[in-house]
Amino acid sequence: DAKTTQPNSMESNEEEPVHLPCNHSTISGTDYIHWYRQLPSQGPEYVIHGLTSNVNNRMASLAIAEDRKSSTLILHRATLRDAAVYYCILKIYAVGGGSQGNLIFGKGTKLSVKP
Amino acid sequence: DTAVSQTPKYLVTQMGNDKSIKCEQNLGHDTMYWYKQDSKKFLKIMFSYNNKELIINETVPNRFSPKSPDKAHLNLHINSLELGDSAVYFCASGRGGRETQYFGPGTRLLVL
């Protein structure tokens, strides 16, 4: 899986939007961009994923650059519960099992939310 | 209704012992995984397994072995525990190479 680069940490104020950047300049055409987060003392949880178009779900939005070399996870209104480590991961889309299903975690961005 | 569950939540044991961690998923997924998160919080894949194929991360010692009695379970057996095995172990499940994985709450292993 190709590598991603994220800031080590970011801070946000509660109820303000948060933009978490991710660079993936070596992304290939078959790589999907996935975001997971890990709240303190919990397992990672899926946030969102996309290929080329921007994506929205109940948790967040994913903005993907036109050249796909970077993306931004957007939390529209941060809450204290959003304080977590956010991981940007590139994953090959493949039917079936095997190593292509593995998630290769980087260091992620630790998001702190201030009341 | 817990999607991916692990037992025990905490495990404290002595060096040299053999221990097992159980994992169960009720999502009907065909692939299960084990990840290790060390003291520096790095998450690394250890195994991925479906009914056809076991993929082992080459860095995992052969003291670690996954056992799958059925599609819903992937247990992790560890022989001759060492101090460096202390970590949090996460089980996950998914539909093979597709989309999302669902993680369990983790098992915190401490080897004394």
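Anyone know which of A:Asp31, A:Asp67, A:Asp82 comes out most mobile in the 10 Å Cα GNM of chain A? Per the Cα network of chain A with a 10 Å cutoff, A:Asp67 tops the list.
Give me a single rounded figure for B:42-55: the average over its residues of other chain Cβ atoms within 10 Å of their Cβ. Numbers along the way, then the final one.
Numbers: counts 4, 12, 4, 6, 1, 1, 7, 2, 4, 1, 3, 4, 2, 6.
Mean number of neighbouring Cβ atoms from other chains: 4.
At each listed q (0.10, 0.15, 0.21 Å⁻¹), what is the log10 of I(q)/I(0) that the Debye formula gives for region A:2-115 modelled as equal alpha-carbon point scatterers? Log10 of I(q)/I(0), two decimals: -0.27, -0.61, -1.17. With bins 10 Å wide beginning at 0, the percent of Cα pairs of the protein assembly as shown falling in each bin runs 8, 32, 35, 20, 5, 0.
Please give me the summed charge of the neighbours of B:Leu81: other residues whose Cβ is under 13 Å from its Cβ, Lys and Arg +1, Asp and Glu -1.
Values: positive: B:Lys19, B:Arg63; negative: B:Asp18, B:Glu82, B:Asp85.
Once all neighbours under 13 Å are counted, the net charge is -1.
Database remark: amide H of A:Tyr32 closer than 5 angstrom to the amide H of A:Lys91, A:Ile92, A:Tyr93 (H placed geometrically; neighbours at sequence offset of 5 or more, or on other chains; Pro and chain starts carry no H). Checking the table A:Lys110/B:Lys71; B:Lys19/B:Lys71; A:Lys91/B:Lys36 against a 27 Å threshold on Cα-Cα, which pairs fail? In this structure, A:Lys110/B:Lys71 lie more than 27 Å apart at Cα. Here the simple spin-label model places points 7 Å from the Cα toward Cβ, and for A:Met59 and B:Ser68 these points are separated by 2.4 nm.
For the peptide A:39-49, the mean number of other protein chain Cβ atoms found within 10 angstrom of a residue's Cβ is 4.
Shielding value for A:27-38 is 1, the average number of Cβ atoms from other chains within 10 Å of each residue's Cβ. Considering only alpha-carbon pairs that sit under 8 angstrom and 6 or more positions apart, the relative contact order computed for region B:4-91 is 38 percent.
At 20 °C and 1.002 mPa s, grab the translational diffusion coefficient of region B:1-108 from Stokes-Einstein with a Kirkwood Rh over Cα pairs, rounded to a whole number in µm² per second.
Details: Rh = 13.9 Å.
Translational D for this selection: 154 µm²/s.
Bear in mind these aren't lab numbers, they're just calculated from the coordinates by the rules spelled out. These numbers were taken from a predicted model, which means no experiment stands behind them. In this analysis, Cβ positions are derived from the backbone assuming ideal geometry, glycine residues included, and neighbour counts consider all displayed protein chains.
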